[in-house]
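Note sheet for the following structure.
The values are calculated or read from the model by the stated rules, or taken from the named source; none is laboratory data. Predicted model, so just to flag it, every value in this text is computed and none were measured. Positions of Cβ are generated from backbone atoms using ideal geometry, with glycine treated the same way; all protein chains shown enter the neighbour counts.
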Amino acid sequence: MKVLVPVKRVVDYNVKVRVKSDQSGVDIANVKMSMNPFDEIAVEEATRLKEKGVATEVVAVSCGVTQSQETLRTAMAIGADRAILVESTVELQPLAVAKLLKALVDKEQPQLVILGKQAIDDDSNQTGQMLAALLGWPQATFASKVEVADGKATVTREVDGGLETLSLTLPAVITTDLRLNEPRYVTLPNIMKAKKKPLETVKPEDLGVDVAPRLKTLKVAEPPARQAGVKVADVAALVDKLKNEAKVV
Ligand code: AMP
């Protein structure tokens with residue numbers, strides 16, 4: 001069974017992003033970029049399926065600029081066998097990515113696609129769902145446990161107020177939640193090995209996909225600055241402030 005894992009290059013989660021002065025977006029010049037954390041979890045899960053003998057091949061895919069190769073090398077250092085870069089300098093929105101992934105699924109014929117539940121830069125939480133719709137495949141989003149056997153995936157999902165367990169017939173799309181696993185630490189020998197693994201580059205045109213953006217960002221703004229707190233003398237003063245200033249009690 002082949003598993004396809006889409007991985008996105010995003011601003012590292014430790015970076016405090018700054019909004020550009022013209023409010024057209026966030027400044028990503030000279031900022032550390034990394035693999036989207038939910039995608040690391042997806043690569044880890046696919047690698048574990050391979051180690052268990054359930055999957056035979058793990059293929060990592062990234063859509064974006066040339067530097068996304070680094071993200072794909074990280075995916076291969078975790079355990080992906082090979083990688084495909086769909087190279088484009090155009091801003092790729094979730095629908096465009098889903099269409100590119102659909103074209104790759106048609107070509108590669110995986111039984112399972114494991115994506116992150118959302119990319120931490122656009123917070124869209126759309127690509128997996130759109131891909132499942134385009135493919136007409138079953139989907140289980142926000143997975144916290146995945147078991148694959150006998151042509152089926154059993155997926156536990158974190159939903160409001162508890163856990164839901166779904167059974168999907170493969171082929172299927174799964175998106176990962178934070179608690180699915182803890183990705184392994186990438187070791188130097190594995191980084192070296194990953195350099196020798198195959199990385200193929202294609203263009204959206206080769207896949208016959210129109211990636212023109214459909215959404216226009218009107219404005220990106222910083223959240224309002226928080227006001228400084230004050231120290232109160234005693235509980236009575238606190239209760240007074242909660243009652244008469246904040247009006248919450
Ligand atoms: P989003 O819908 O943008 O929140 O992204 C959800 C998931 O789709 C991510 O966690 C990735 O697994 C995948 N994805 C989104 N954009 C890309 C991209 N440019 N290249 C590869 N995978 C992507």
Residues satisfying the stated conditions in the stretch 103-161, i.e. of a type in the set (S, T, N, Q), at negative phi and in a loop (DSSP other than H, G, I, E, B)
Gln111, Gln118, Ser124, Gln126
Residues in the stretch 177-197 that are exposed (fewer than 15 other Cβ atoms within 10 Å of the Cβ) and within 30 Å of Val155 (Cβ to Cβ): how many?
5
Given the options Asp27, Asp12, Asp22, Asp39, name the one that is under 30 Å from Val220 (Cα atoms), in contact (Cβ under 8 Å) with a residue 60 or more places away in the chain and out of contact with any Leu (no Cβ under 6 Å at 6 or more places or on another chain).
Asp39
Select from the stretch 203-232 the residues that are under 21 Å from the mean Cα position of the chain (by Cα) and not in a loop (DSSP other than H, G, I, E, B) and list them in ascending order.
Pro204
So if I check each of Leu101, Leu112, which one is buried (at least 21 other Cβ atoms within 10 Å of the Cβ) and near the ligand (Cβ under 8 Å from one of its atoms)?
Leu101
Looking only at the stretch 14-46, filter to residues that are in contact with a helix residue (DSSP H, G or I) (Cβ under 6 Å, 6 or more places away or on another chain) and β-branched (Val, Ile, Thr); which one of those is surrounded by the fewest Cβ atoms within 10 Å (Cβ to Cβ)?
Ile41
Within the stretch 115-144, restricting attention to residues that are of a type in the set (D, E, K, R) and over 21 Å from Thr165 (Cβ atoms), which residue is farthest from the ligand (Cβ to nearest atom)?
Asp121
Filtered residue count, the stretch 205-237, keeping only those that are under 17 Å from Val26 (Cβ atoms) and of a type in the set (S, T, N, Q):
1
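Could you please find all residues in the stretch 48-81 being part of a strand (DSSP E or B) and in contact with a Leu (Cβ under 7 Å, 6 or more places away or on another chain)? Quick ask: steps written out before the conclusion?
At the first step, the residues of the stretch 48-81 found to be part of a strand (DSSP E or B) are 57-64.
Result: Val59, Ala60, Val61, Ser62, Cys63, Gly64.
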Is at least one residue of the stretch 18-38 outside any loop (DSSP other than H, G, I, E, B), more than 17 Å from the chain's Cα centre (by Cα) and at pLDDT 95 or above?
no
Starting from the stretch 50-78, take each residue that is without any contact (Cβ under 8 Å) to a residue 24 or more places away in the chain and list its partners that are surrounded by fewer than 23 Cβ atoms within 10 Å (Cβ to Cβ), counting only C-beta distances under 7 angstrom and pairs at least six apart or across chains.
Thr66/Glu87
